[in-house]
Amino acid sequence: MSRRNAYLETAAPAVALLSAPEVAAAWERPSALARWTVGGLAGHLAYQILSVDPALEGPSSEEEPIPVLEHYARAAWIDAPLDGEVSSGIRAKGEGASSDGARRVVERVRAALDRQRTGLQEAQGDRVVFMPPTGWALRLDDFLLTRMVELAVHMDDLAVSVDLSAPELPGAALDPVVALLTGLAVRRHGQAAVLRTLTRAERAPSVINAF
């Protein structure tokens, strides 16, 4: 499965989850994530799909793309304090995206995904995506992988928040997400820590979080 199709296979269950009546019913309630409402978390999840539209508009960026692992090494949100400017800004953006209510959020993501089914097939393979919020660029496939990670992680957050089961992704969509998260965990904790956690419970460290 191509990265583009893998992204579409990840985004589709996210749209279905956002459309669940349980999500709309809990919109103003606290979510499973500290300081987030269900609606704000839904808005943040929706943004991962909506952010692909600008990536497909206009010509390919002339910026030199960086590797996806370098993207995470530079990311300001990793290890940012909960009440810090970066984390607060992300929450505010999610709440803003959800301010029109669940129905409007679902309408927007459904329309976006419909556009992307065509736009991703037409995009050039060497397309480079410049990301204004970060100030750097990624290759389209790497950009889509970052969206897939966000979608997979926050689908679980949202599902847990409303007592639903997290959507199951097909292997071709899940595999690159797990591979990237494993690479990030190795960089953060070392090879031995990850290997021991996967194979030697008696020597495993307490955590091997990717970020």
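The values are calculated or read from the model by the stated rules, or taken from the named source; none is laboratory data. In this text the structure is predicted, and so the values were computed from the model without any measurement. Heads up, the Cβs are rebuilt from the backbone with ideal geometry, glycines too, and the neighbour counts pull from every protein chain shown. Heavy atoms of the whole protein, side chains included, go into the accessibility calculation; ligands, DNA and RNA do not. Shrake-Rupley method; radii C 1.70, N 1.55, O 1.52, S 1.80 Å.
Observations on the structure shown:
- Relative contact order [Cα under 8 Å, 6+ residues apart], the range 1-47, whole percent: 29
- Where only C-alpha atoms are counted, convex hull volume of the range 62-166 per residue in Å³: 139
- The value for the range 1-118 of Rg(Cα) / (2.2 N^0.38 Å) is 1.16.
- Selection of GluC sites (Glu not before Pro), the range 1-98, meeting DSSP coil and at most 14 other Cβ within 10 Å: Glu28, Glu57, Glu62, Glu63
- Taking trypsin sites (Lys or Arg not before Pro) in DSSP loop conformation with at most 15 other Cβ atoms inside 10 Å as exposed sites, the chain has its longest uninterrupted site-free stretch at 36-199.
- Ordered from longest to shortest, the equivalent ellipsoid semi-axes for the range 17-84 are 30, 19, 8 Å, each the square root of 5 times a Cα gyration tensor eigenvalue.
- With DNA, RNA and ligands ignored, accessible area of Ser51 (1.4 Å probe; Å², nearest 10): 20
- Sparsely packed GluC sites (Glu not before Pro) within the range 99-171, loop by DSSP, other Cβ within 10 Å at most 14: Glu168
- Only Cα pairs under 8 Å and 6+ residues apart enter the sum, and on that basis the relative contact order of the chain stands at 30 percent.
- Computed over the alpha carbons of the chain, Rg followed by Dmax gives 17.4, 53 Å.
- Computed about the Cα centre, the dipole magnitude for the chain is approximately 340 debye when only Lys and Arg (+1) and Asp and Glu (-1) carry charge, each at its Cβ.
- Taking label points 7 Å from Cα along the Cα-to-Cβ direction, Ala166 and Ala179 give a separation of 2.0 nm.
- Charge dipole magnitude, Cβ of K and R +1, D and E -1 - the range 45-156, Cα centre, debye nearest 20: 460
- Selection from Met155, Thr10, Val194, by position along the positive dipole direction of the chain (Cβ): Val194
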